Amino acid sequence: MTTYVITGAGSGIGAEIARRLRESGHDLVAIVRSERRAAELAGPGVRTVVADLERPETIADALAPLAEETFAGLVHSAGIAELGTVAETAADVWSRTLTVNVVAVAEVTRVLLPALRRGRADVVLLNSGAGLRTNAGWTAYAASKHALKALADGLREEEPALRVTSVYPGRTATAMQRGVREQEGGVFERERYSDPATVAGVVVSTLTLPVDSRIDDVTVRSRG
Ligand SMILES: NC(=O)c1ccc[n+]([C@@H]2O[C@H](COP(=O)([O-])OP(=O)(O)OC[C@H]3O[C@@H](n4cnc5c(N)ncnc54)[C@H](OP(=O)(O)O)[C@@H]3O)[C@@H](O)[C@H]2O)c1
């Protein structure tokens with residue numbers, strides 16, 4: 001039995017990844033923001049750890065009980081998107097965005113590294129098209145995702161025992177995208193976006209890739 005650690009398993013792409021891993025018989029440790037999410041997710045084969053990724057200084061203590069374990073993989077799906085031009089974006093938005101989307105990702109990875117090395121694990125980071133290209137009005141989010149790419153690329157060079165994969169989805173029909181469309185003043189057009197189950201399938205295919213190979217980067221775009 002193998003165990004995967006996942007953030008963001010409570011909704012969207014992360015929830016679909018968690019569902020598929022459970023269906024394949026894997027155990028999960030879900031790192032969740034709140035006791036409410038923990039109660040929703042906990043069940044047979046699913047343990048939960050409560051850690052607010054906006055408070056990375058709390059992560060090491062929260063994850064300490066996992067220190068002696070061995071994990072097959074770590075999937076970073078948690079993330080936030082607050083749109084705005086540089087002129088509109090105050091320091092608190094920059095701090096929150098970089099903290100959740102980058103600093104917490106690095107800290108969760110750092111704390112779990114011994115358990116990941118033991119498992120010769122996969123580390124998958126949900127990036128974004130915004131991690132490769134910056135559109136006007138997306139600067140803070142894009143800066144965080146560009147930094148997340150650098151984190152993945154550096155981790156891959158530093159930790160040869162791990163396979164590190166950045167996944168770059170386009171617009172995907174989740175709660176985050178609904179919020180993005182509200183911020184853009186547009187309509188949420190589910191049929192024009194990728195299905196979160198499709199993106200999750202790509203993530204799971206990287207996790208189940210035979211050991212002789214690795215996928216460093218994969219872009220998934222909707223056809224709509
Ligand atoms: N949807 C898209 O169009 C799209 C496109 C490109 C890339 N992505 C990326 O894909 C990933 C998943 O996005 P999604 O669309 O599935 O979003 P989502 O449905 O909004 O899910 C985001 C998850 O992140 C968790 N999270 C947010 N802040 C947190 C915090 N402070 N502490 C702990 N957990 C926190 C949320 O937990 P709660 O629900 O408990 O708050 C939620 O489970 C993100 O990294 C996103 O940037 C999404």
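The values are calculated or read from the model by the stated rules, or taken from the named source; none is laboratory data. As the structure is a prediction and not an experimental result, all values here were calculated from the model. Cβ atoms come from the backbone with ideal geometry, glycine included; neighbour counts cover every protein chain shown. All accessible areas refer to the heavy atoms of the entire protein, side chains included, with ligands and DNA or RNA removed. Shrake-Rupley method; radii C 1.70, N 1.55, O 1.52, S 1.80 Å.
Let me confirm something: among Ala152, Ala106, Ala200, Ala140, which residue is open to solvent by less than 20 Å² (accessible area, probe 1.4 Å), over 15 Å from Ser77 (Cβ atoms) and of a type outside the set (S, T, N, Q)?
Of Ala152, Ala106, Ala200, Ala140, the one residue that is open to solvent by less than 20 Å² (accessible area, probe 1.4 Å), over 15 Å from Ser77 (Cβ atoms) and of a type outside the set (S, T, N, Q) is Ala140.
Taking the stretch 1-50, which residues are among the hydrophobic types (A, V, I, L, M, F, W, C), without any contact (Cβ under 8 Å) to a residue 60 or more places away in the chain, in contact with a Ser or Thr (Cβ under 6 Å, 6 or more places away or on another chain) and outside any helix (DSSP H, G or I)?
Ala30, Val32, Ala42
Filter the stretch 59-80 for residues that are open to solvent by 20 Å² or more (accessible area, probe 1.4 Å), within 16 Å of the ligand (Cβ to nearest atom) and out of contact with any Gly (no Cβ under 6 Å at 6 or more places or on another chain) and give the result.
Ala60, Asp61, Ala62, Gly79, Ile80
Might you let me know whether the stretch 83-93 holds any residue that is under 20 Å from Thr206 (Cα atoms), in contact (Cβ under 8 Å) with a residue 40 or more places away in the chain and either touching a Phe, Trp or Tyr at 6+ places or on another chain (Cβ under 9 Å) or open to solvent by less than 30 Å² (accessible area, probe 1.4 Å) (or both)?
Scanning the stretch 83-93 turns up no residue that is under 20 Å from Thr206 (Cα atoms), in contact (Cβ under 8 Å) with a residue 40 or more places away in the chain and either touching a Phe, Trp or Tyr at 6+ places or on another chain (Cβ under 9 Å) or open to solvent by less than 30 Å² (accessible area, probe 1.4 Å) (or both).
Quick check on Ser95: is it of a type in the set (Ser, Thr, Tyr), at pLDDT 95 or above and under 13 Å from the mean Cα position of the chain (by Cα)?
Considered against the rule, which asks whether it is of a type in the set (Ser, Thr, Tyr), at pLDDT 95 or above and under 13 Å from the mean Cα position of the chain (by Cα), Ser95 comes out as no.
Is one or more of the residues making up the stretch 47-56 near the ligand (Cβ under 10 Å from one of its atoms) and over 18 Å from the mean Cα position of the chain (by Cα)? Reasoning before the result, please.
We begin by selecting, within the stretch 47-56, every residue near the ligand (Cβ under 10 Å from one of its atoms); these are 50-56.
Pick out the ones that are also over 18 Å from the mean Cα position of the chain (by Cα) and you get none.
No.
Tell me whether the stretch 99-116 contains one or more residues that are of a type in the set (A, V, I, L, M, F, W, C) and farther than 27 Å from Leu209 by Cβ.
yes
Would you confirm, using the coordinates I've provided, whether Glu69 is part of a loop (DSSP other than H, G, I, E, B) and within 23 Å of Ala18 (Cβ to Cβ)?
Working: part of a loop (DSSP other than H, G, I, E, B): yes; within 23 Å of Ala18 (Cβ to Cβ): yes.
So Glu69 passes the test.
Just checking: which of the helices (runs of 4 or more DSSP H) contained wholly in the stretch 125-224 hold 2 or more residues that are over 25 Å from Val5 (Cβ atoms) and in contact (Cβ under 8 Å) with a residue 40 or more places away in the chain?
139-158, 175-184
For residues that are among the acidic types (Asp, Glu) and closer than 13 Å to Ala197 by Cβ, tally how many sit in the stretch 15-42.
The qualifying residues number 2.
If you go through the stretch 109-120 one residue at a time, how many are within 13 Å of Val75 (Cα to Cα) and either surrounded by fewer than 17 Cβ atoms within 10 Å (Cβ to Cβ) or within 16 Å of the ligand (Cβ to nearest atom) (or both)?
Total meeting the criteria: 2.
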